[in-house]
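These notes are about the structure you will find just below.
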Amino acid sequence: MSGGAQPALSQDEAFARIRLLRSPNIGPVSYAMLLQRFGSATEALGALPDLGKRGGRQYRACPADRIEREVEAVRKAGAKYLFHDQPDYPALLGQIDGAPPILIWRGDLALASKPCVAMVGARNASAAAVKLARDFAQGLSEAGFTVVSGLARGIDGAAHEGAFPTTIGVIASGIDIAYPPQHAELQERIADEGLLLAEQPPGTEPRGSHFPSRNRIIAGLAGGTLVVEAAVKSGSLITARLAGEAGREVMAIPGSPLEARSHGCNHLIREGAVLVQTPEDVSELLSTFDGESRSTFREPSPAFDFEPGGLAETDPADIAGLLTSAPVPVDEIIRQSGADAGAVHLALLELEIAGRLERHAGARVSLSL
């Protein structure tokens, strides 16, 4: 998605966009495809029943009154919506696969337009690592960076505190839900003086599936992600992988091989992350970042494209016949089907709207279980 400036949204279209994104089986990728295909959320909403029927099931969009309640809750929380094509939408975030089409925010949105660095790490971090994270964050803030993290215990909290107020907190809950509860005061401080971002609607309690989505926003906002201390199976390594896949810098602070909480950082360095030991190392590395991919994790996924004018249709049942519960690249489906790429994307979209398709990282798809 692009963060470039677009004509101002009408109130009706903004409402339709929120309703479209909250409708069943609509995610960031299908949302973007529907806007490209139909030109507006209003038109896309009208097309959803037919698309779902072609996919094999009846479909109902999110009720309008539910969106009315959400809009009121956002207003009551002192927050605002940010749409993917508005001028203030963070440019780097708009470049990642599956960028959030709509964010809800409180605070100083200008912080997201400054050079950003993500800092993540263990929740049960050592005292030494917590102090190190705080010191790094302070040094990076003084060097002109906005520090982005996820408001978790341990390294995240220390990073926010060290960088305050030039910090962005990205949460896995609604904008009005404090999580973890012990960071309620810190979250409110960030919302008042820094920037607080949420993708979920107000009132949403954090679930396990929300945290990877939150992590992609953390990685997407920043030119690079720094892992301070993490075990090999830490969620922080997911953020680092997402940063690498987006072509951003991945950095890690090394630790003792005798300390299990350092094994994740040491593993990242062995796999190609940059070893850093001072805030100046991070600043020097990111000062030359221009948004061009320097990652070798994978090639960028090809963008979907609906050709202007008529589009030859492909029966979704034929495409479904090529799929199993095992994820497979969309390019492979296009090759095996022998159909036009745009037609295959449309058929996949119809299957997704019908609830029969799941999308996975790396532009892969599978049948829903």
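The values are calculated or read from the model by the stated rules, or taken from the named source; none is laboratory data. Note that the structure is predicted; figures quoted are calculated from it, not measured. No Cβ is skipped: glycine too gets one built from the backbone with ideal geometry, and neighbour counts run over all protein chains shown. Quick note on the areas: whole protein, heavy atoms, side chains included, nothing else; ligands and nucleic acids left out. Shrake-Rupley method; radii C 1.70, N 1.55, O 1.52, S 1.80 Å.
Numerical summary
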| item | result |
| --- | --- |
| Cβ crowding within 10 Å averaged over residues, with 130-142, 30-42, 114-126 ranked highest first | 114-126, 130-142, 30-42 |
| Three-way shape label, region 1-71, alpha-carbon gyration tensor, a/c 1.5 | oblate |
| Relative packing of peptides 63-74, 18-29 - highest average C-beta neighbours within 10 Å first | 18-29, 63-74 |
| Efficiency of FRET between Glu43 and Phe211 - r from beta-carbon atoms, R0 35 angstrom, step 0.05 | 0.55 |
| Residue with peak Gaussian network fluctuation, the chain [Cα springs, cutoff 10 Å], from Gln200, Gln86, Gln336 | Gln336 |
| Share of carbon and sulfur in the accessible heavy-atom surface of the chain [1.4 Å probe, %] | 50 |
| Leading residue at positive end of dipole, the chain (Cβ point charges), from Val29, Gln86, Ser113 | Val29 |
| Distant-in-sequence amide H partners of Gly98 (H built 1.01 Å from N, under 5 Å) | none |
| Listed residues His84, His183, His345, most fluctuating in the chain (Gaussian network, C-alpha, under 10 Å) | His183 |
| Reach of Lys233 by Cα under 28 Å, taken over lysines that are not fewer than 8 positions away in the same chain | Lys131 |
| Eligible aspartates and glutamates near Lys53 by straight Cα distance, threshold 17 Å, same-chain separation 8 or greater | Glu43, Glu313, Asp315, Asp318, Glu350, Glu352 |
| 3J(HN,Hα) from dihedral phi, region 236-253, Karplus parametrisation 6.51/-1.76/1.60, rounded to Hz, x for glycine, proline | 4, 6, 5, 4, 4, 5, 4, 4, x, 5, 7, x, 9, 6, 10, 10, 8, 9 |
| Highest average packing first - 152-163, 318-329, Cβ atoms within 10 Å | 152-163, 318-329 |
| Calculated from backbone phi, Karplus (6.51, -1.76, 1.60) coupling profile of region 224-234 in Hz, x at Gly/Pro | x, 10, 10, 9, 8, 7, 6, 6, 4, 9, 5 |
| Prolate/oblate/rounded call for region 79-207, Cα gyration tensor, a/c under 1.5 rounded | oblate |
| In degrees, nearest ten, helix 127-142 long axis to first principal axis of the chain (Cα) | 80 |
